[in-house]
Structures are given as C-alpha cells and as structure tokens.
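Notes follow once the structure below has been shown.
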Amino acid sequence: MRTFLSRAVAFSGAVLMLAPTAQALTIDPAFVPERTQMTLNIQGGPTIATANAAESRPALSLSKLYLGYWVLAHGAPEDAARVENMIRYSEDHTASTLDARYRQAIPEVIAQFNLVSTHYNGFWGNTTTSTNDVTTFLNATSNDPVARPLFEGMRTAAPVAADGYAQDYGTALLPGVLGTKFGWADDHSMHATASFGPGFSVAASTYGPASQLTEDVQGAVIPDALPTAPAETSTAPALCVGLLPGC
C-alpha cells in the first residue's frame, strides 16, 4: 500500500489540511520460521532481515533478474526485447537460450552489484543467491532506465507462468507491493519471490510449498500502530501539493 502525504494550503484563512497516510510495510523477522529467509530492504533506510538472509540458496527463477539485466545492458537488441516476457511469464526456454548465448551475464552482474551470496554454477537454473542479494539488486536498479523492462515484467506478472504454474503467492501478497518475480522448483519443493514497492524491495525463499511461503511472509508483517487520521475539511479553494491521487 503506498504511503501518500498530501498538503493542501487554502488561500482563505491559510488552513493546512493533511490527507490520510496509508500503512507502510514493516516486518518482524522473529516471526519467520527458520525454513524461510526474508529481507525487507528500504531505500535510504534500514534493511530488516532474518538471521539466515545471507544464506546462499537455489535462486530458482529469480536468477532471471540477473540474467535479464545484463542482456538489457549489453545484449543484442533482439535478445533484449525478449527479457520483459521472460520475467512476466518466467520463460525457462528464453532464459536457457540467453544464458547459453551470454555465459558471462550472471557472473558480471554478481560482480557489478557485489552480490556476495550469489554464485553462478554454469547454468541460470543452478545459480544460488540470497534474499539479501536479491533486494540489494532490486534497490540498486530501481531507478535505472536499463532495468525498466525487468520491473515492467514484474509489475505485469502473468497469473499463470509459461509452464502453467500459478504466480500468486509469497511477497506478491504483501501490502504495498507493485510487482513480483516468482520462482519455484520443478518438484515444487521450494519457492521464492522477490517484489518491489514504492521505496522498498522485499524477497523471501522457503523450503516448502507456495502456500507455506505466503503464510510465513504474511505472518511477519507488523500492522501500522498509528491510526489513519481523517483529513480536516475546508470550504475554501485549496492548492494540492504532493503524491495523493487526484492532486
């Protein structure tokens, strides 16, 4: 859920009106079981993570983010044009084709963004990473024009992936999330998601089914302790300044 702060200054009587402030995403890692790792990385703020968030685990299809970024930055135009759908539909065939063509892609992204828990083992599907590294990467590229197709693919993730698997779990269901990359093992024994929202990224990985990942990440969310205050009203004409829709 976006957090908006809007100020409207009335020309008559100089009345200040504050619009309601939406709830921000906050988590308590203590509520996340050990089977799951989770990181909330706030841009310009703290990183809140489980104790195991630096553990290098199978990246699953989250490695397509690293592969896709390199192809967007350095690949042939016809290959770069395939990246957005690779993310949107989690296309394994596209990933395998691009990975075979650009073996240097994931290793160079690992080095560029100092992803200390991420390791390329000769194939995109064998890459390991951590939720700390994924959120570091997402925050670092969130304002990079090169990465725009990555985020657009996440924002418009298909309800059903290319292989028929549902993309509707994990961090995608947290408040404020605008887009998600989904990952899952072929035997569905492991699931992972990486998401972004206004001013933050959040990722989680679990050894277990998709429903377990959803349960674990939702259980970590702390409701906003501050109630939403109603806006004061005025009959005077007002100048609206800020991010509130309609202003």
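The values are calculated or read from the model by the stated rules, or taken from the named source; none is laboratory data. Since this is a predicted model, take the numbers as computed values, not measurements. All Cβ positions, glycine included, derive from the backbone under ideal geometry; neighbour counts span all protein chains shown.
Scan region 130-186 residue by residue and report those that are more than 22 Å from residue 26 (Cα to Cα), of a type in the set (A, V, I, L, M) and touching a residue at least 60 places away in the same chain (Cβ under 8 Å).
Passing the criteria: 146, 147, 150, 157, 158, 161, 162, 185.
Taking residue 55 as meeting all but one of (1) of a type outside the set (Gly, Ala, Ser); (2) touching a residue at least 60 places away in the same chain (Cβ under 8 Å); (3) out of contact with any strand residue (DSSP E or B) (no Cβ under 7 Å at 6 or more places or on another chain), write down the number of the exception.
So residue 55 meets the others, but not (3).
Could you run through region 178-198 and say how many residues are among the polar types (S, T, N, Q) and either modelled with pLDDT under 95 or surrounded by fewer than 22 Cβ atoms within 10 Å (Cβ to Cβ) (or both)?
Qualifying residue count, region 178-198: 1.
Can you name the number of the only condition in (1) β-branched (Val, Ile, Thr); (2) under 18 Å from residue 72 (Cα atoms); (3) within 10 Å of the chain's Cα centre (by Cα) that residue 146 fails?
Against the list (1) β-branched (Val, Ile, Thr); (2) under 18 Å from residue 72 (Cα atoms); (3) within 10 Å of the chain's Cα centre (by Cα), residue 146 comes up short only on (3).
Go through region 151-160 and report how many residues are touching a Lys or Arg at 6+ places or on another chain (Cβ under 9 Å) and in a loop (DSSP other than H, G, I, E, B).
Here the count works out to 3.
I need a count of the residues in region 125-135 that are part of a helix (DSSP H, G or I) and surrounded by fewer than 23 Cβ atoms within 10 Å (Cβ to Cβ). Let's see the steps before the verdict.
Within region 125-135, the first condition is being part of a helix (DSSP H, G or I), and the residues that meet it are 125-126, 131-135.
Of the ones still in play, those that are also surrounded by fewer than 23 Cβ atoms within 10 Å (Cβ to Cβ) are 125-126.
Result for region 125-135: 2.
Across region 179-217, what is the total count of residues that are of a type in the set (Asp, Glu) and in a loop (DSSP other than H, G, I, E, B)?
Adding up the residues that qualify gives 2.
Any residue at all in region 158-165 that's in contact with a Phe, Trp or Tyr (Cβ under 7 Å, 6 or more places away or on another chain), closer than 21 Å to residue 38 by Cα and at pLDDT 95 or above?
Taking region 158-165 and keeping what is in contact with a Phe, Trp or Tyr (Cβ under 7 Å, 6 or more places away or on another chain), we get 158, 161-162, 165.
Among the residues that remain, those that are also closer than 21 Å to residue 38 by Cα are: none.
No, the conditions are met nowhere in region 158-165.
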